[in-house]
Structure formats: structure tokens, C-alpha cells
Amino acid sequence: MKIIPGRKSDAGFIASCVMDAVGEEICLNLAGEHHTLYDVKRVFASLAEMDDTQYSYRNTLVAVDEAGEPLGAIVGYDGALLHPMREHFFAAAREILDLEMGDVDDECDGEEFYLDTLAVLPEHRGKGIATSLLNAMVEKAHATGKPAGLLVEKNNHRARRLYESIGFVKVGDRPFAYVLMDHLRK
């Protein structure tokens, strides 16, 4: 297994990882009554193909096996760039899902490099892939001179153990999708 920079051709895989990381409930809320999870995946895949969105392949590291097949991915970016990058998400949500996002809380701030989403294919979990992806993205974050930050649901004890095992500590609370989460940094 090795970690490589995301490629445009990984857009569909990145979209699946983002959806896995944010969870089915949030994805179904994005789809609403008139759209499907396929439509939500179209949104995230279109964003992953672009150069300047929060879910861009350029903001992604991908774990691949010896044959180059993707096993997992992590998305991270400078929190100071959230607002201009997120505008693409709002535009895609309007265009594809007929969804007006309204007032959305910031999930990060300009003081950190935000680790947005992390997911590993179910059949490859428990093999250290998530740890390798996290460590690689933390290294990328620290190269910018900023700490790595992320959010974790208060009851997601498995993810919390993973984050804490590599040195993340809670620094506060922050809302995401109208749910108060723990804000961790390293």
C-alpha cells in the first residue's frame, strides 16, 4: 500500500469516500424528497474533478494497493480557503439537487489545515490504512505551518481512538450539519 496525490480520475472514488465519511443521514438530507444518493454522488464527483473546491482531487490523498487500486482517501485543505472553495459546493447543490444551503456554519477556521473527510473501503479497514492517510495529511498540514484540525461526532468512539492514537487532542466544540461535534487538533 502507498499514499499518492489524488488524481482527476479518482473523482468517483473520492465522492464515495466523502459520502461514506459524512454518513448516509446527511447524504439523504442533501438528496431531499426529489433526488437520490446517485444525485448526491454526482455533486461530490463534480467537485472532486475541479481544481479549486474543498473536495478537489488536489486536496486529496489516496491509499492504493500494489495494482494502483484505491483503498481509501482523505481530503484536507487550508481552512483559510474554505469560503471560496465552498461556493462551488453551494452552486452544485443548487444546480443538481435544487437545494439552497442557507446559513451554514463553518466547520473550520483559517488558523488550521482542515482534515475534511477520511474513509477506507470496508473490506480494507483495520489494516492501518486510515492511520497512514491521517499521518500523511497531518504531515502536509504541518508543512503549511498550521496545525491539522478535524471534527468528530461525540459518540464516534472508534474514530476518536484513532485520532487520539496519533496525537489529536480536543480543543473545543464546533457545529457541522447542525450537530455539535468535538473539534480536535494536532
Problem set entry | Filtered residues of segment 21-67 (kept if open to solvent by 30 Å² or more (accessible area, probe 1.4 Å) and in a loop (DSSP other than H, G, I, E, B)) | Gly32, Glu33, His34, His35, Thr36, Met50, Asp51, Asp52, Asp65, Glu66, Ala67
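What number of residues in segment 34-56 are among the aromatic types (Phe, Trp, Tyr) and over 17 Å from Arg86 (Cβ atoms)? Break it down stepwise before answering.
First pass over segment 34-56, keeping only residues among the aromatic types (Phe, Trp, Tyr): 38, 44, 55.
Those left that are additionally over 17 Å from Arg86 (Cβ atoms): 38.
Looking only at that region, the number is 1.
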Exercise. What number of residues within segment 68-84 are of a type outside the set (A, V, I, L, M) and open to solvent by 10 Å² or more (accessible area, probe 1.4 Å)?
Worked result: 6
Exercise. Can you name the number of the only condition in (1) outside any helix (DSSP H, G or I); (2) touching a residue at least 24 places away in the same chain (Cβ under 8 Å); (3) within 23 Å of Val138 (Cα to Cα) that Ala80 fails?
Worked result: (1)
Exercise. Does segment 74-118 hold any residues that are under 16 Å from Ile26 (Cβ atoms) and among the basic types (Lys, Arg), and which are they?
Worked result: Arg86
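Which of the following residues is without any contact (Cβ under 8 Å) to a residue 12 or more places away in the chain and not aliphatic (A, V, I, L, M): Glu49, Glu33?
Numbers: Glu49 fails: without any contact (Cβ under 8 Å) to a residue 12 or more places away in the chain.
Selected residue: Glu33, the only one of Glu49, Glu33 that is without any contact (Cβ under 8 Å) to a residue 12 or more places away in the chain and not aliphatic (A, V, I, L, M).
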For this session: Please list, ordered by first then second residue, the pairs with beta carbon atoms under 6 Å, 6 or more apart or interchain, first in segment 140-151 and within 8 Å of Arg185 (Cβ to Cβ), second open to solvent by 70 Å² or more (accessible area, probe 1.4 Å) and not polar (S, T, N, Q).
Result: Ala148/Lys186
For this session: Within segment 3-20, track down each residue that is of a type outside the set (S, T, N, Q), assigned to a helix (DSSP H, G or I) and in contact with a helix residue (DSSP H, G or I) (Cβ under 8 Å, 6 or more places away or on another chain).
Result: Lys8, Asp10, Ala11, Gly12, Ile14, Ala15, Val18, Met19
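The values are calculated or read from the model by the stated rules, or taken from the named source; none is laboratory data. The model shown is predicted, which means the values in this text are computed figures rather than measured ones. A quick note on method: Cβ atoms are made from the backbone with ideal geometry, for glycine too, and the neighbour counts reach across all protein chains shown. Accessible surface areas use protein heavy atoms only, side chains included; no ligands, DNA or RNA. Shrake-Rupley method; radii C 1.70, N 1.55, O 1.52, S 1.80 Å.
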